[in-house]
Each structure stands twice: as structure tokens, then as C-alpha cells.
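The values are calculated or read from the model by the stated rules, or taken from the named source; none is laboratory data. Bear in mind the structure is a predicted one, so any value in this text is a computation, not a measurement. Reconstructed Cβ throughout: ideal geometry from the backbone, glycine too, with neighbour counts over all protein chains shown.
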Amino acid sequence: MKKMLGLLTALLPILLLSGCTQYGKLNEGDCKGVISFADVTNKTFTLMDEELREQVKITVRLKNITTEKEYRIQLDQSNDYKQAVSLHPGTYRIVSAVASNSSRTGVKVKATAETLEFAPGNEQRLDIVLEDPEALKEYWANTQPLPEILLADKYSGMIQINRKVIPVKEILSQLSLSGEQTVAAYQKETVRDGDLGITVTVQNRTDSPLAFDQCDVIGITVTANTVVFPDGVSIGASTDKVCHKVNGLYGEPTAFRGSTLFGWDIDETYAVYSDPATGNRITLAFGNMGKYIKSVQYELAVFE
């Protein structure tokens, strides 16, 4: 046993090093280049709320095919989505180009080349563009609040999805759920539509098993910007815009749950709104140091 432990101890540094990627500095060579998000002026992108544009951070990964050294470039508002680099001569493969928080912003990107040839006196340029500008336009068209949802009370149990304003309890008709699921008598079950970022909780309120879609919807949790809640609240909205005591769309929360260190991201903090009249409850979770809403849970307590 001691010999085995000694062998493992000796091999551990080698195993760790063999799985590590070497990262290079963006100014380590003399060959110039520029990496930029070319669609930063796209009309749909520029019309996004400031809070949401701040969440769009594009990470580009390049790898020197000879040295296997990797270079990571981040494009965001702090550098106007443009980064100059100075690398050693050689061929660099574009490993990936990914936009963060795409489920909240709808922004998906791609690189316009597969490789770059860095050489002295020959400045390289790599444009990152929207993967599908029309898809982004359609995505944001679906998230624009209709007059009915803007006028709805926050505890009304109404939501907007797919450009329709419907009661939360009818949301199953708008989802693509695969397979059949039976819910036992008096039990609760959840199912998720991954494409829309929606989790639905239903309850069988009878003494016999029921198919999932025959049960009562008692709540939903939304993590993607696919649902508009009353007053036009949606994923990615700023905390102040929704929860400010005086000017917020929902005003001061009924209570807070989770970490008391709000905005530190040590643990999650939740704002809870409870309606004593209906029993309906809305729970908002915050992200990015408490700056924006990253999920909404809407729970129903009364059924018509």
C-alpha cells in the first residue's frame, strides 16, 4: 500500500502538468493583430437595454498550432469590443468564439475565419460576428412587452410568451415537452423546456394518477429571456429598475431570502414578493454582484 501511495504521489505532478494548457500573453510577440466584434453596431444589439449589453462578454480563444499555447481575448464594453494583440509568428487556430449570457441576451457569435497567419509587417484581423442576425431580431421581438402585460398587476398570474399574453396555468400549451409523464395522486412533479429555459411545476390534486398535462400548474421558474412578466419585467432587467423602493416596477420586496451580503455574490440573494390577497408569490434571484435579475420564480396559490 505504501509503495502504491508513493507511486501515485510521484505521478501526480506529471498527470497534472500533462492536462494543463499553457496560456500566452497578448503582447508577447512582434506580429500585430486586432480581434473585434464587427456587429457591435447592429441595430438590434444597440437597442438592447444598457444592463443587458453590459452582460455581453465575448471570449475568443486562439491556439498556436506549433507550440500549443493558447491565447484568450475578451471583448466587452470596457474595450469597445476590440482588442489589439502582438504575438509570435505562426499559424493560430481559432478554438472558439463564445458570447456569455446568451440565454438572457440572445446574442450568439461566430468567428469569420478558422486560422490566422501572424507574420512580421502583416497585421492580422479577425472579425467576430453575430451567428444569425435575423434570429437575434426575432428573439428580441418576442421579448418586447405587449400593452396587456404592461398593464397587468404583478400578482395577476399573467405572463407573455411567444407574443401571447396568457395565464401562467396555461403555459404547458406553449412548451415543447418530450415524452409522457404520469404524476401520482396528490404529488408534485417538475419538467423543463431547455430551449426556453422554463421549468414548470405541476400538482395532481386528485386521488388517481394523472398525465402531466392534466395536472394543475402551480409554478414556473424562468432562467432565459423568453417570458415577460407583468409591468414588462424580464430576465436581465436591472435590480434597481424592478426592486427600488420608490421607483422600482415592483417596489420594495416583501422579504429577502438567502445571503444577507447582497451584491457580494458570496451566496445568492432572493427578493420575494407575496400577495396576501391571492397567495401568489414572485421570487427574483440576482446575478452579477446583484446588478440584474437572473431568474424569476412565479408560484400560484389560487386556482380558478
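Being over 30 Å from A38 (Cα atoms), among the polar types (S, T, N, Q) and either assigned by TED's automatic domain parsing to the domain that holds A113 or touching a helix residue (DSSP H, G or I) at 6+ places or on another chain (Cβ under 6 Å) (or both) holds for only one residue in Q187, Q174, Q214, Q160, and it is Q160.
What about T143, is it at pLDDT 90 or above, surrounded by 14 or more Cβ atoms within 10 Å (Cβ to Cβ) and of a type in the set (S, T, Y)? For T143, the condition - at pLDDT 90 or above, surrounded by 14 or more Cβ atoms within 10 Å (Cβ to Cβ) and of a type in the set (S, T, Y) - is not met. For region 41-81, the candidate set comprises residues that are within 24 Å of Q124 (Cβ to Cβ) and of a type in the set (D, E); within that set, the residue that is surrounded by the most Cβ atoms within 10 Å (Cβ to Cβ) is D76. The set of residues in region 172-184 being crowded, with 17+ Cβ neighbours inside 10 Å and either at pLDDT 95 or above or under 21 Å from the mean Cα position of the chain (by Cα) (or both) consists of L175 alone. Looking at region 235-257 only, could you name the residues that are β-branched (V, I, T), in contact with a Lys or Arg (Cβ under 9 Å, 6 or more places away or on another chain) and closer than 17 Å to E50 by Cα? Matches in region 235-257: I235, T239. Keeping to region 140-194, report how many residues are among the charged types (D, E, K, R) and within 15 Å of T226 (Cα to Cα). Residues in region 140-194 being among the charged types (D, E, K, R) and within 15 Å of T226 (Cα to Cα): 4 in total. Among all residues of region 173-182, there is at least one that is hydrophobic (A, V, I, L, M, F, W, C) and within 30 Å of L210 (Cβ to Cβ). When region 115-156 is filtered for residues that are acidic (D, E) and either within 17 Å of the chain's Cα centre (by Cα) or more than 15 Å from G33 (Cα to Cα) (or both), the ones remaining, listed by number, are E131, D132, E134, E138, E148, D153. Checking R205, R163, R192 one by one, the residue that is surrounded by fewer than 18 Cβ atoms within 10 Å (Cβ to Cβ), of a type in the set (D, E, K, R) and in contact with a Phe, Trp or Tyr (Cβ under 8 Å, 6 or more places away or on another chain) is R205 and no other.
Taking residues in region 223-249 that are of a type in the set (D, E), and partners anywhere that are modelled with pLDDT of 90 or more and part of a helix (DSSP H, G or I), the pairs with Cβ atoms closer than 9 Å and at least 6 places apart or on different chains are D231/I149; D231/L150; D231/L151; D231/V242. One residue stands out in region 94-108 among those that are hydroxyl-bearing (S, T, Y) and within 12 Å of the chain's Cα centre (by Cα): the one that is surrounded by the fewest Cβ atoms within 10 Å (Cβ to Cβ), namely S100.
Considering I149, I159, I171, I94, which residue is closer than 26 Å to A237 by Cα and part of a strand (DSSP E or B)?
Only one candidate passes the filter, namely I159.
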